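Heads up: the structure comes next, in structure tokens.
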Amino acid sequence: VVSTQSTGKDNAEYIDPPSITGTACNNAIPQTMVVTYILATYETVEQVKNDLESGKFPTVWAGYDLGIIIPLHYNIVDKTGAGLVLEHVKGLGVKWYDNTVGVLTNSPPYFWHMENLRNYPHFQRNDERREGFKYSSLGDTFSLSPQWTGSGLLGLPGDYTSPSRFVKAATLLSLAPIPATTNEAIVQVFHHMNAADIPFGIVETGPLGRSSFNWWILIKDLGGGCLYYRTYTDLSVKKLCLDNIPDVKSAMRMEGRFEDSFRDISGELKQFDSIVPGGHTEL
């Protein structure tokens with residue numbers, strides 16, 4: 001099972017369609033069809049990598065969807081955990097990399113993001129060995145120790161630029177405990193994605209000042225063949241398994257109403273009796 005998704009990358013560059021001639025046209029696709037081609041052709045990341053290395057992978061030309069060239073790069077993963085980033089970089093041509101860190105955001109290219117991680121070697125889960133701010137005055141030495149839990153992650157980027165989101169995602173993934181079950185993994189990833197969730201109206205892009213925000217959060221369970229997603233307004237988690245969908249062309253509305261995303265538990269409250277051993281309050 002292979003899964004592929006594309007993200008925007010401003011410095012992408014593709015082959016000009018008129019330059020592809022003769023039999024080369026038989027093995028050429030636009031950048032907007034790369035995801036579909038990979039899903040229809042390959043079962044593993046290794047197969048994709050082999051075709052890239054041997055030159056069998058199609059030439060990618062610049063498709064003018066919506067009247068513009070949509071710049072994309074591609075994150076390819078399979079159920080073994082292997083990952084591959086495929087990019088068409090301006091001035092450098094076709095590049096691919098083993099996605100060893102396990103995350104991908106938008107521009108700049110993947111190799112730039114990986115090099116940028118060298119600027120953040122100090123993050124850790126706890127506050128141990130944080131000696132604080134030291135200084136000297138009139139022959140005396142002073143030390144101001146950290147006062148707040150979480151200083152092990154002090155300086156972690158929190159803005160919405162793609163380099164900052166890459167650093168934050170890579171840090172969270174590297175420090176997170178390994179989940180024991182699929183359900184634990186799904187819950188963990190939803191929380192990680194919350195760290196990059198852009199609310200409506202906070203970021204504006206383009207000449208029209210349109211709001212750039214997260215329409216949905218999607219988690220893929222490749223082993224079980226299921227998708228879990230949450231939309232912007234309907235905050236409840238939905239599940240869609242490929243084995244259960246009809247074998248016909250199908251569609252559905254993803255977004256729902258906010259009032260469908262919660263459960264009113266007012267009627268479940270009970271008279272307070274005691275504190276249950278372990279620190280939990282019994283209602």
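Based on the alpha-carbon gyration tensor of segment 1-60 and its eigenvalue square roots a ≥ b ≥ c, which shape applies: rounded if a/c is under 1.5, prolate if not and a/b is larger than b/c, or oblate? It comes out oblate by the Cα gyration axes.
Scanning residues 5 or more positions from G63 or on other chains, those with amide H under 5 Å from its amide H are Q31, T32, with H placed 1.01 Å from N in the peptide plane.
Per residue, the accessible area of segment 187-231 comes to 60 Å² when a 1.4 Å probe rolls over the protein heavy atoms.
Here the Karplus relation 6.51 cos²θ - 1.76 cosθ + 1.60, evaluated at θ = phi - 60°, turns the backbone of segment 181-190 into coupling constants of 9, 4, 4, 5, 5, 5, 4, 4, 5, 4 Hz, with x for every Gly and Pro.
Rolling a 1.4 angstrom probe over the chain with all protein chains present gives an accessible area of which 56% lies on carbon and sulfur atoms.
For F133 and L218, the difference between the fully extended length at 0.36 nm per residue and the C-alpha to C-alpha distance is 26.4 nm.
Note on segment 80-183: with charges restricted to the Cβ of Lys and Arg (+1) and Asp and Glu (-1), its dipole about the Cα centre is near 160 debye. Here the Karplus relation 6.51 cos²θ - 1.76 cosθ + 1.60, evaluated at θ = phi - 60°, turns the backbone of segment 115-122 into coupling constants of 5, 5, 4, 5, 7, 10, x, 9 Hz, with x for every Gly and Pro. Highest-first packing order for the peptide set 149-156, 138-145, 94-101, 73-80 is 73-80, 94-101, 149-156, 138-145, based on the mean count of other beta carbon atoms within 10 Å. Indicate, rounded to the nearest 5 percent, the antiparallel portion of the DSSP beta bridges found entirely in the chain. Antiparallel: roughly 90 percent of the beta bridges in the chain.
Here the label points at D98 and V203, each 7 Å from Cα along the C-beta direction, are separated by 3.0 nm in the simple model.
Put a plus charge on the Cβ of each Lys and Arg, a minus charge on the Cβ of each Asp and Glu, and nothing anywhere else: the dipole of the chain about its Cα centre is then about 280 debye.
Using the Cβ-Cβ distance between I245 and R118 with R0 = 51 Å, the FRET efficiency computed as 1/(1 + (r/R0)^6) comes to roughly 0.70. Counting only DSSP H runs of at least 4 residues, each contributing -39500 (n - 2.57), and dividing by the residue count of the chain, the helix-based mean residue ellipticity at 222 nm comes to -5500 deg cm²/dmol.
Karplus-based coupling profile of segment 26-43, in residue order and whole Hz: 6, 10, 9, 9, x, 4, 6, 10, 4, 4, 4, 4, 5, 5, 7, 10, 10, 10, with θ = phi - 60° in 6.51 cos²θ - 1.76 cosθ + 1.60 and x standing for Gly or Pro.
Where in segment 223-264 does the label zone of T182 land, with the point 7 angstrom along Cα→C-beta and an amide N cut-off under 18 Å? Label zone hits: 223-230, 237-246.
The values are calculated or read from the model by the stated rules, or taken from the named source; none is laboratory data. Quick caveat, the model's predicted, so the values are computed rather than measured. Ideal geometry is used to build each Cβ from the backbone, glycine not excepted, and the neighbour counts take in all protein chains shown. We work out accessible area using only protein heavy atoms, side chains counted, and drop any ligands, DNA or RNA first. Shrake-Rupley method; radii C 1.70, N 1.55, O 1.52, S 1.80 Å.
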